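Let me begin by presenting the structure, written as structure tokens, before commenting on it.
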Amino acid sequence: MSPEHHRTEHKRDEKLVAMANQIGLFFSSQADGRAAADIATHLRKFWTPHMRAAIVAHLDEGGAGLSPTVHEAVGLLRDAATTRREDMRQPTG
């Protein structure tokens with residue numbers, strides 16, 4: 001890939017990390033202990049599949065810049081997506 005492609009991809013990741021951390025900041029102020037789950041739900045509901053795939057790929061590459069709660073939330077998002085794909089492969093009765 002060209003250096004320009006890598007710069008564009010890096011800039012996109014920085015924007016997604018910043019957006020995810022802003023969402024995380026909002027949900028972390030809630031005292032019910034569900035911040036990571038609520039962040040994951042928000043990302044699933046309001047982010048496009050492409051954005052979700054990009055933030056999960058960023059996590060898989062180490063998750064640089066993600067707050068600890070957002071890191072956990074993106075892991076939950078990834079795990080839920082994996083479970084849904086596995087469930088779809090299961091034959092129905």
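Here are the numbers for the structure shown:
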quantity: Solvent-accessible area of residue 61 with every protein chain in place, 1.4 Å probe, in Å² to the nearest 10; calculated: 140
quantity: Solvent-accessible ranking of 69, 48, largest area first, probe 1.4 Å; calculated: 48, 69
quantity: Relative pair counts by distance (%), Cα atoms of the stretch 19-77, 5 Å bins; calculated: 4, 23, 34, 26, 10, 3, 0
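The values are calculated or read from the model by the stated rules, or taken from the named source; none is laboratory data. Bear in mind the structure is a predicted one, so any value in this text is a computation, not a measurement. Quick note on the areas: whole protein, heavy atoms, side chains included, nothing else; ligands and nucleic acids left out. Shrake-Rupley method; radii C 1.70, N 1.55, O 1.52, S 1.80 Å.
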